[in-house]
Structure formats: C-alpha cells, structure tokens
Amino acid sequence: MQPAETRTGSIYDLGYRNYDGVRLGRRHAAMSLYWYTLRGAFGIGRRTSSKILPILIAIFAFIPAIVQLGAAALFGDEAEIFKPQDYFGFVEVPIALFCAVIAPEIAGRDLRQRTLSLYFSRALLRQDYALAKIAAFATALTLLTLGPQVVLLFGNGLATDDIWGYIQDNWAELPQTLVSGLLIAACAAAFCLALAAQTSRRAYATIAVIAWFLITFPIANTLVYAIGGVGSLAVYFSPFDFMHGCTLFIFNAEPGFDSVQDEAGYPMWTYLVAVLAYTAAGAALVLRRFMRIAA
Amino acid sequence: MAILETRGLVKRYGSSVTALGGLDLSLQPGIIGLVGANGAGKSTLIKILLGLIDATAGSASVLGYDVFTQGTDLRQFVGYMPEHDCLPGDVSATEFVAHMAQINGLPRSAARERTAETLRHVGLFEERYREIRGYSTGMKQRVKLAQALVHDPRILFLDEPTNGLDPAGRDEMLDLVHRTGTEFGISIVMASHLLGEIERVCEHLVVIDGGQLMRSGPIREFTATTGTLVVEVDGDSAGFAARLEKAGLTLIPEGRNVLIAVDGEGPYDLVRDACDDLGLGLVRVELRRQSLEDIFREKTESADAAG
C-alpha cells in the first residue's frame, strides 16, 4: 500500500467531484443574472468604492422624505405634508444621477470585460440576458421612486396619533403611487440601458444618460415657454417633463399653474403614452443590441 | 455514440471570407486536440458549437443535442474557456465562479459548494477571496478553467488554455487539463496551435486548415513509430558512422547522432559490434517516434517547395 505522504505532491486532488444534482436551466439562469445584477447595482459583493456612489445617491432621494418627517414631528399638524404625486419632483435629479452612474455599469460591464461570451455560451439566451438586465435595473430604481414614498407613508402615520387611521386614509393613493413608481423606474431603466449599451466606453455612456435627462430639460422648457405651438412638442423629449406629466395623470391631478405641462396644453394621458413608448423603445433597443453583438 | 458531430458545416463572413467550408466531423468521447494555424477555423468551429455564432449552412450536434435547436438544454452540460480575457476585475474568484455556476443552472447552495471544490481543483486557495484584478496571468487562467468546470460539464471546450503562461504554468495547466479529462470522464476539445501541447495531453487529433478537415484520428496514428534508429555515441561518431556505412547500412547524420534506417534485427548487432571494436561508449539507442512537429514541418516544407 502507498504511504499517504506520496499524495501531498498533488494537492489539487482535493475537491473535484462529479455533480449529479439538479440543473435548473434557463429560467434559473435568468433569475440568477437578475439578482447578481441587482446586487451589483448597489455594489454588494464588490469593493467598498463601488458601493459609495449608488448608496449616496439613493440617500439623496430619501432626504426630502426625512426632512418632511422631521418637520412634521417638530411642528405637528402645521407642517404641510408632501403629496405622493409631487414627490417625483424631489427624486428626479437623484434618479438621473443614479442612471448616469449605474446604467453604464450594468449595460457595458460585460462588454468591456468580455464576459458576454461566457454568458451566451451557457443555458441562457441573448434575449434572457437583455431582459434580466433591464428588470434588475428597474428594480434597483424602484428603491428611489418608491422607497421614499413608503418612508413618508409610515412616517406621517407615526407623526399623527393614529397610525392605522392615517394609513387607511391614505390607502386609496397606494395603487397610484405604486403604478407611477414602477412605470418611471421601468422607463428610466429601459431607455438609459438602451443609451448605455450602444458603447463599451463608460464615459460616453455616462454622458449620453446625463444628456438625455439634464440637457433636454432646459431646452424643452425654453421651447415651450418662449416659442410654444409646435415647439411645445419638446416636452415629449425631456424625460423630467413627460415623467412628471405621467405621474400627474396617474394621480388624476392637474398640472400646477404655469408649469410646463400646463403651458404646453397637451392632454395629460399623452404623457403616459410617452412613458410607455420610451419604455418599449428602450427595451427593443437593448434587445436588438444584445441580439447582434459579437461575443 | 459520437459526442460531437458536424455535417457540412459552413461559415461565411460576407461573400468572400469562408471560415469553415463544409466541415464533416464525428468524434468519440475523450481528449480531442483541435489543431490548425491561426485563422484555420478552430475558434469559429468552437463558437458555432457553443451557439455564440450562427452557421451559414450545415448541421451540428454535441452530446446528442442539436446545437441550433436545443442550445439552452445542451449548454447546461458544456463548459467553455475562451482564449481571451473574460474575467471581471472587481469581484473575487469565489463570487464570480459561484455566479457562473448558477447561470449554468446549479441551485445556489450547490453552486457555493462546487465553487470551493473546483477552485481547489485548479489550485486556487486563500487568494480566491481576493479581487481578480490582482491575480497573475496563471491565476486568471485557473479561474477561467474553474468557471468552465464548476457545473461539471460533460464536454469542455478549451481555446488555447496555455495562452500567456510561463513554462511552469504551462506544464501545470496541461497537467490539470489531462487529469480533468482522464479522471472525471469529461470530454475535452482543446484548440491549440502548439503541437507539443496537444501531443502531451490529447488522445485524438483533428487537423483543420483553411476551414477544411485535413485529418482526424487517434494521436498514435499520427506519431506511429518510424523505421529510424537513433544512436548516440561517446567519442568519434564520424568514424563510427563510416564503419556502419561500410557494413551496408543507410545513414542520416544529425548533429552528434547517427540515424539508421532499421529493417529487421541486423542493425542492432552491427551497432553493438562497431562500438566494441572502436572502443566507443554507447549513450543512447532509441527507436524514434515521429512527433507531430515533424509531420507538420514536412508538410509545410513540401508546401513551401511546391510554392
């Protein structure tokens, strides 16, 4: 019999065994990619430096809600309570920043690191890959669009004497809050990924996303207020404007006097159509890109 | 049963470039070397079999699954180690390999467990918790192999697995490939343009050139013993050669060696007697096996002469 010591030279022998367990296939593969991407969006499982920006930006989105709660706690009933439909105005900049930082990471990372060929040679189709990425990014964005609303709902309830009474009173607005939060998240996710997926260069992707949100906004407002008429169509090209319009429509609220939606004068349902159209176009572009890309 | 079969497989880029021109292959399980010059179509073939690119025409099946219609089912049982860099820098090997295991259909707990085992198998220990960006080329190649193996594939495609490795790393990688193929019943298709590596590891050889199949057969068919005896003596090899020639043998001088065409038992006795008479030390007597390098050198030389 061989002495045991002869095996110490081949230490790699420890370990490998054949696997006879279940193989869960395509759905499981897509779900795993979804979770991995979602975790990655907040830098979970990565180094500390990749956690800082997403978490900081997410905190920005919560600050108005927290300030409101503080004011309500200090001044009681006199503090004016934010309406859910107005909260988009507070989170739109954090949403834009979050997209600018995270979309290039989600869309371009595997392209830059050439990991795509590993994904596409596994139990996963290219369309599964694209859809899992969009879904994960949209989910990450709901933290910004819905998270503060949840904090507000419970916080305001706590500030009143009767928390369940408050929540019951405001229950009616919950479906609208949910729908608008999900729609905005889906729209921003799909279209920002579509922009970011067109290049493997991170810087270009970030600039494209920032430009879509922040450059269109002043241009659209100038065109609407200064020119009007056909120029008012510019609201459909400025995501801050049409997303806000969509939120107002879902809550069946009137645009504020002299707001850009008021000034443009289009029916409010058209903003919902715009959000849906951007979502669909974005998803189609992301799919198209990953169906064609060489891996 | 054939583990890999192609019928009239064609891949064209545009109208002018033909990467594969009607490839017919039928391979049995084992360690298969895929040899060809750069641009011969090795990577194209592998990428078609993995579903990474579409074929222009023809059919292909791996493990009995049709590559084009049963791709997602098939690829649960396939591992792929690409030639190029493919690892993210900002996650640890453990994190990445476990993720890849799940993408291949393994449940989360099984993925974790097998990741640890597979990383040990390829020789990554404590460093597996560090970010991949700090790894040496050798360690990265090991992670690439681990992600291809973690789900215990039935067939493994390796594209130039020793790319960028130093000689020691090369030896270890080849060893690992050989052991993976022989001890765990995993069939391996290894593409390489280094014949020495193929010869060391593979049992079967497929030679493609210009997108055409040149030859396919067991390695030993390629490297059958030739009728050449290599003799090395200590001392006056010229005098030794002259003496043998006088005895009627056909000689080919090669450096300090004397190559003798063998035919029957005769030469062995003559060599012995010649050494004895001339008082020479006999260093080596060897019946030469042809190496793959020789075959291809002959082929390219005759091609050069023709051209």
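The values are calculated or read from the model by the stated rules, or taken from the named source; none is laboratory data. As the structure is a prediction and not an experimental result, all values here were calculated from the model. In this analysis, Cβ positions are derived from the backbone assuming ideal geometry, glycine residues included, and neighbour counts consider all displayed protein chains.
Assess whether B:R215 counts as being among the basic types (K, R) and within 14 Å of chain A (Cβ to nearest Cβ). In short, no.
Yes or no: A:L124 within 14 Å of chain B (Cβ to nearest Cβ), under 30 Å from B:H151 (Cβ atoms), without any contact (Cβ under 8 Å) to a residue 40 or more places away in the chain and more than 23 Å from the chain's Cα centre (by Cα)?
Considered against the rule, which asks whether it is within 14 Å of chain B (Cβ to nearest Cβ), under 30 Å from B:H151 (Cβ atoms), without any contact (Cβ under 8 Å) to a residue 40 or more places away in the chain and more than 23 Å from the chain's Cα centre (by Cα), A:L124 comes out as no.
One residue alone among B:L106, B:L74, B:L119 is in a helix (DSSP H, G or I), of a type in the set (A, V, I, L, M, F, W, C) and crowded, with 24+ Cβ neighbours inside 10 Å, and that residue is B:L119. Residues in the stretch A:107-121 that are touching a helix residue (DSSP H, G or I) at 6+ places or on another chain (Cβ under 6 Å) and either modelled with pLDDT under 90 or more than 7 Å from chain B (Cβ to nearest Cβ) (or both): A:A107, A:G108, A:D110, A:L116. If you go through the stretch B:103-118 one residue at a time, do you hit one that is over 18 Å from the mean Cα position of the chain (by Cα), within 7 Å of chain A (Cβ to nearest Cβ) and within 24 Å of A:R112 (Cβ to Cβ)? There is at least one residue in the stretch B:103-118 that is over 18 Å from the mean Cα position of the chain (by Cα), within 7 Å of chain A (Cβ to nearest Cβ) and within 24 Å of A:R112 (Cβ to Cβ).
Every condition in (1) over 28 Å from B:A110 (Cβ atoms); (2) more than 11 Å from every other protein chain (Cβ to nearest Cβ) is met by A:F42 except one, and the failing one is (1). Within the stretch A:278-292, can one find any residue that is in contact with a Lys or Arg (Cβ under 6 Å, 6 or more places away or on another chain) and either in a helix (DSSP H, G or I) or surrounded by 15 or more Cβ atoms within 10 Å (Cβ to Cβ) (or both)? Yes - at least one qualifying residue is present in the stretch A:278-292. For the stretch A:87-101, a residue qualifies if it is touching a Leu at 6+ places or on another chain (Cβ under 8 Å) and either aliphatic (A, V, I, L, M) or at pLDDT below 90 (or both), and the qualifying residues are A:Y87, A:V91, A:I95, A:A96, A:V101. Exactly one residue out of A:Y204, A:Y225 is more than 14 Å from chain B (Cβ to nearest Cβ), modelled with pLDDT of 95 or more and surrounded by fewer than 21 Cβ atoms within 10 Å (Cβ to Cβ): that is A:Y204.
Among the residues making up the stretch B:50-65, those that are outside any loop (DSSP other than H, G, I, E, B) and either more than 19 Å from B:I186 (Cα to Cα) or basic (K, R) (or both) are B:A57, B:G58, B:S59, B:A60.
This table checks each residue for (1) in contact with a Ser or Thr (Cβ under 8 Å, 6 or more places away or on another chain); (2) loosely packed, with under 14 Cβ neighbours inside 10 Å.
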{"site": "B:V258", "(1), (2)": "yes, no"}
{"site": "B:A261", "(1), (2)": "yes, yes"}
{"site": "B:C275", "(1), (2)": "no, no"}
{"site": "B:G279", "(1), (2)": "no, yes"}
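In the set (1) without any contact (Cβ under 8 Å) to a residue 12 or more places away in the chain; (2) surrounded by 19 or more Cβ atoms within 10 Å (Cβ to Cβ); (3) not in a helix (DSSP H, G or I), the condition left unmet by B:K47 is number (3). Is it the case that some residue within the stretch B:85-93 is within 14 Å of chain A (Cβ to nearest Cβ) and of a type in the set (D, E)? Within the stretch B:85-93, one or more residues are within 14 Å of chain A (Cβ to nearest Cβ) and of a type in the set (D, E). Residue under question is B:R130, and the condition is that it be free of Cβ contacts under 8 Å to residues at least 12 places away in the same chain and within 11 Å of another protein chain (Cβ to nearest Cβ); does it hold? No, not satisfied. Number of residues in the stretch A:85-109 that are in contact with a His (Cβ under 8 Å, 6 or more places away or on another chain) and among the aromatic types (F, W, Y) equals 1. Among the residues of the stretch A:246-271, the ones that are touching a residue at least 60 places away in the same chain (Cβ under 8 Å) and either touching a strand residue (DSSP E or B) at 6+ places or on another chain (Cβ under 8 Å) or of a type in the set (A, V, I, L, M, F, W, C) (or both) come to 5 in all. When B:T94 is tested against (1) of a type in the set (S, T, N, Q); (2) crowded, with 19+ Cβ neighbours inside 10 Å; (3) without any contact (Cβ under 8 Å) to a residue 24 or more places away in the chain; (4) more than 22 Å from A:F120 (Cβ to Cβ), just one condition goes unmet, and that condition is (3).
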